[in-house]
1. Do we have residue 57 as in a loop (DSSP other than H, G, I, E, B) and out of contact with any helix residue (DSSP H, G or I) (no Cβ under 9 Å at 6 or more places or on another chain) here?
2. Among the numbered criteria (1) at pLDDT 95 or above; (2) under 30 Å from residue 95 (Cβ atoms), which single criterion is violated by residue 4?
3. I'd like to verify a number: residues in region 60-76 that are touching a strand residue (DSSP E or B) at 6+ places or on another chain (Cβ under 8 Å), free of Cβ contacts under 8 Å to residues at least 60 places away in the same chain and either in a loop (DSSP other than H, G, I, E, B) or closer than 17 Å to residue 128 by Cα (or both), how many?
4. Give me the pairs: first residue in region 106-121 and more than 14 Å from residue 65 (Cβ to Cβ), second residue loosely packed, with under 13 Cβ neighbours inside 10 Å and at pLDDT below 95, beta-carbon distance under 8 Å, and six or more apart or on different chains, which are they?
5. Within region 1-52, can you find the residues that are exposed (fewer than 10 other Cβ atoms within 10 Å of the Cβ) and more than 26 Å from residue 63 (Cα to Cα)?
């Protein structure tokens, strides 16, 4: 696959009832961090650090535009309890596009009214189920 933009991305998150909701139109930007713990195992006989891979983690930050319509972003995040499937498809639902799906918990949901009148929100999602995040394709 060649270089590409983030234009036309598809992003869905389960609502509190477990139904996937396409909130792509409500998202302004997102950030994904798939982390890998590095466990230090440096022995006394070494002059430099030694590390082995430890646990994986995943965090997502979403920033969007407030939408109180049924099955849109406010409906999805107003109740923070329960495990949610995060489903990102870079470039959309077209075949062979990169896809990342993770089971997440909603860490926070914040709504902000700007001085210009804009009503926006931000959400943090944190890995929930102990499954290592892995990219696949649509």
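1. In short, no.
2. Of everything listed in (1) at pLDDT 95 or above; (2) under 30 Å from residue 95 (Cβ atoms), residue 4 misses just condition (1).
3. Count: 3.
4. Matching pairs, first to second residue: 106/81.
5. Once the filter is applied, which keeps residues that are exposed (fewer than 10 other Cβ atoms within 10 Å of the Cβ) and more than 26 Å from residue 63 (Cα to Cα), region 1-52 yields 1, 2, 40, 43, 44, 45, 46, 47, 48, 49, 52.
The values are calculated or read from the model by the stated rules, or taken from the named source; none is laboratory data. Computed from a predicted structure; not experimentally measured. All Cβ positions, glycine included, derive from the backbone under ideal geometry; neighbour counts span all protein chains shown.
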